[in-house]
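Following: one structure in structure tokens, then a few remarks.
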Amino acid sequence: MARVSGKVAIVTGAALGIGKATALLLAREGAKVAVADLKADEGHAVVAEIEAAGGEALFVPLDVSREEDWTRAIAAVLARFGRLDIAVNNAGIAYAGTVESTSLDDWRRVQSINLDGVFLGTKAAVAAMKDHGGSIINLSSIEGLIGDPTLAAYNASKGGVRLFTKSAALHCARSGYRVRVNSVHPGYIWTPMVQGLTGESPDQAAARKRLEALHPVGHLGEADDIAYGILYLASDESKFMTGSELVIDGGYTAQ
Ligand SMILES: NC(=O)c1ccc[n+]([C@@H]2O[C@H](COP(=O)([O-])OP(=O)(O)OC[C@H]3O[C@@H](n4cnc5c(N)ncnc54)[C@H](O)[C@@H]3O)[C@@H](O)[C@H]2O)c1
């Protein structure tokens, strides 16, 4: 029996990276998947890959920072699949800057996607799930657990996701909804986001090595390492888990 058989999922930022790996894995494990992203071409390619493997999927255009996009996206999922059981609030952007170098505009841009986007996605998912239950998974980071002087806005957004997740989890539990809300905290994963960060450096290979050395296991993670954790939280295997943090980081925060 597939692990999320019969469930309907929406995954934001599902055109690339961790979101793409998650959408493919949830589909492989029996879920019908709404692939939500700004990038239509890459998103449609993920849908085609799921359909070619015999699964069901739908591309949903979505800017997670816009409430009206969320209203349209959830309506499209309900119209096509009739319900929503799993929401993975994965879309996010990286931004390197210290407290001194970060402008207010850049700070607000990061919060609007990484934090407002998770708030809006959780709010929309709770409304769609509260009558029958479900699982909401919010992507935080190791940067939501420990500080980095060069990631001021990103640290703030991911720390916000961590504690907002607990607030929403407690609200759902105390309201008697069978809706669980958990956060996931990856270490550095080799995705287009991290390739973009190392790509800014003149010696990319050396930049990757520096990142690898931060992880006690000696290497970066792969998108599937995170997707398997999200699959566990999405499935009923984690039915006693809410308001928790799943850290998948090669030992980064154990030091
Ligand atoms: N890669 C890592 O090392 C790492 C580590 C910790 C946490 N994370 C978090 O995991 C999540 C996914 O990261 P990734 O590395 O796969 O990123 P990525 O840049 O490789 O992919 C992000 C996806 O999100 C989409 N996106 C960006 N802004 C959006 C918006 N406003 N609305 C809808 N979609 C939008 C992009 O189009 C892209 O498809 C992010 O929240 C990130 O902060 C990543």
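Suppose we filter the stretch 24-71 for residues that are buried (at least 21 other Cβ atoms within 10 Å of the Cβ), part of a helix (DSSP H, G or I) and in contact (Cβ under 8 Å) with a residue 40 or more places away in the chain; how many remain?
Qualifying residue count for the region: 4.
Give the number of residues within the stretch 188-243 that are part of a helix (DSSP H, G or I) and away from the ligand (no atom under 11 Å from the Cβ). It would help to see each step written out before you state the result.
So in the stretch 188-243, the residues part of a helix (DSSP H, G or I) come out as 192-199, 204-213, 223-234, 236-238.
Add one more test, that the residue is away from the ligand (no atom under 11 Å from the Cβ), and what stays is 199, 204-210, 212-213, 224, 228-229, 231-234, 236-238.
Number satisfying all stated conditions: 20.
Could you please give the count of residues in the stretch 163-187 that are among the hydrophobic types (A, V, I, L, M, F, W, C), buried (at least 17 other Cβ atoms within 10 Å of the Cβ) and either in a loop (DSSP other than H, G, I, E, B) or more than 9 Å from the ligand (Cβ to nearest atom) (or both)?
Of the residues in that region, 6 qualify.
Among the numbered criteria (1) outside any loop (DSSP other than H, G, I, E, B); (2) touching a Lys or Arg at 6+ places or on another chain (Cβ under 7 Å); (3) within 9 Å of the ligand (Cβ to nearest atom), which one does G19 miss?
It is condition (2) that G19 fails.
When you check A234 against the structure, is it in contact with an Asp or Glu (Cβ under 9 Å, 6 or more places away or on another chain), on the phi < 0 side of the Ramachandran plot, assigned by TED's automatic domain parsing to the domain that holds D116 and of a type in the set (A, V, I, L, M), yes or no?
yes
Given the structure, is N89 closer than 23 Å to V47 by Cα, in the same structural domain as G30 (by TED's automatic domain parsing) and not hydroxyl-bearing (S, T, Y)?
yes
Out of the stretch 1-46, which residues are in contact with a helix residue (DSSP H, G or I) (Cβ under 9 Å, 6 or more places away or on another chain) and acidic (D, E)?
Hits for the stretch 1-46 are E29, D37, E42.
Looking at the stretch 138-162 only, could you name the residues that are under 19 Å from R66 (Cα atoms) and more than 10 Å from the ligand (Cβ to nearest atom)?
Hit for the stretch 138-162 is G160, nothing else.
Based on what the data block shows, is V77 assigned to a helix (DSSP H, G or I) and either closer than 12 Å to V8 by Cβ or modelled with pLDDT under 95 (or both)?
Yes.
Tell me which of these K39 doesn't satisfy, since it passes every other one: (1) closer than 24 Å to D131 by Cβ; (2) within 10 Å of the ligand (Cβ to nearest atom).
(1)
Do we have G92 as part of a helix (DSSP H, G or I) and near the ligand (Cβ under 9 Å from one of its atoms) here?
Judged against the criteria, G92 is not a match.
The values are calculated or read from the model by the stated rules, or taken from the named source; none is laboratory data. The structure presented is a predicted model; accordingly, all values stated were derived computationally and were not measured. Heads up, the Cβs are rebuilt from the backbone with ideal geometry, glycines too, and the neighbour counts pull from every protein chain shown.
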